[in-house]
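The values are calculated or read from the model by the stated rules, or taken from the named source; none is laboratory data. Remember, it's a predicted structure, so these values are computed and weren't measured experimentally. When we count neighbours, we look across all protein chains shown, and the Cβ atoms used for this are built from the backbone with ideal geometry, even at glycine. In case anyone asks, the SASA skips ligands and DNA or RNA and just uses the protein heavy atoms, side chains included. Shrake-Rupley method; radii C 1.70, N 1.55, O 1.52, S 1.80 Å.
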Amino acid sequence: MRFTKMHGAGNDYVYVDCFQEPIPADPGSLAILVSDRHQGIGSDGLILICPSEKADARMRMFNADGSESAMCGNGIRCVAKYVFDHGLCQKSRMTIETGAGILALDVEEENGKVQQVRVDMGEPILLAAEIPTTLAGNPEVNHYVINVPLSVGGHEFAVNCVSMGNPHCVIFVDKATDDLVLKIGSRIENDERFPQRVNVEFVEIISPTEVRQRTWERGSGETMACGTGASAVCVAGVLSGKTERKITNHLLGGTLLIEWDESTNHVFKTGPASEVFTGVWDD
């Protein structure tokens, strides 16, 4: 099986071109094997680039633990780069089918290679039952789960829950420490109040237009970046009164530009996409 290693702001995945390769019989198990950073290729998961009857391509994304997720904000930028750079679809605006719906992407290319991609991430999902979480909504913020108390591991947090096709729990902190991210992140991910588990963002506010984010990803642990998480952070920042609608978000692997457009209610995310190497996986 031929594969391509790619990353968006350090959030790295193994990509398989299923226009050319057969769809793996058990992609969840394959994701576990290829993601292993010691005995595999090493990645945050596996992404299949497949033909679509509804869009220019379809993305299927599997976490490092083999679970399938509906969307990956950094992964979809790399899908757009692969599709363009490898001649599958060379439009400046393309559509990618995901488990969270069909998303539109604008590519910025130089010398025939995509450098950056702007993704229309769609509308945020804010109703508790649809995120999903059993946490009660805040009546002061349209009954959304914004500034809602959560006690985990001896810590008291005011959490903000948003889905961008997958669930996120955004927590604004003075300092995103290892103790919070690596210890408490896992506990929140698997907390019973998140019936489908949850991605957890610990966010430092630099200014109303600039933040710093660390993410504990559902099924993968801490990752260098999370695009849907960065989008959720922007929404949570606006609703909690901490940020403006357009922010620069610094992640461990790079910087993303996020805007929650008031006129359309859509979140737009702009960031890099990079191809690292190709190879053959002998399964």
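A few notes on this one:
- Distant-in-sequence amide H partners of D12 (H built 1.01 Å from N, under 5 Å): D44, M224
- Unmatched cysteines, the chain - criterion: no other Cβ of a Cys under 4.7 angstrom: C72, C78, C89, C161, C169, C226, C234
- Per residue, the chain exposes an accessible area of 42 Å² to a 1.4 Å probe, with every protein chain left in place.
- Candidate values [x] 43; [y] 28; [z] 25, label of the one derived for percent of Cα pairs over 30 Å apart: [z]
- Remark on E109: its backbone amide H falls under 5 Å from those of Q115, a criterion applied only to residues 5 or more positions apart or on other chains, H modelled at 1.01 Å from N.
- Net length gained if the chain between I23 and I102 were fully extended (0.36 nm per residue, minus Cα distance): 26.4 nm
- A probe of 1.4 angstrom, applied to the heavy atoms of all protein chains, finds R2 with accessible area near 130 square angstrom.
- Taking G73, G227, G241 as the candidate residues, the one with maximal mean-square fluctuation in a Gaussian network model of the chain, Cα springs under 10 Å, is G241.
- Length released on extending from K91 to E123, taking residue separation times 0.36 nm less the Cα-Cα span: 9.2 nm
- In order along the range 37-43, the Karplus-derived 3J(HN,Hα) couplings, from 6.51 cos²θ - 1.76 cosθ + 1.60 at θ = phi - 60°, round to 7, 10, 10, x, 7, x, 5 Hz, and Gly and Pro are given as x.
- Burial order of peptide ranges 230-236, 114-120 (average beta-carbon count within 10 Å, highest first): 230-236, 114-120
- Kyte-Doolittle mean at least 0.0 and Cα axial length at least 15 Å: DSSP H helices in the chain: 73-85, 227-239
- 222 nm mean residue ellipticity, helices alone, for the chain (DSSP H n ≥ 4; -39,500 (n - 2.57); rounded to 500): -4000 deg cm²/dmol
- Label-point separation, E156 to V141 (7 Å along Cα→Cβ), nm: 1.8
- Between T248 and K113, the simple spin-label model (points 7 angstrom out along Cα→Cβ) gives 2.5 nm.
- Considering only L33, L182, L252, the mean-square fluctuation computed in a Gaussian network model of the chain, springs between alpha carbons under 10 angstrom, is largest for L182.
- Note on T134 and N190: the model spin-label points, each 7 Å out from Cα along the C-beta direction, lie 1.7 nm apart.
- Taking the 1.4 Å solvent-accessible surface of the range 1-158 as the whole, the part contributed by carbon and sulfur is 45%.
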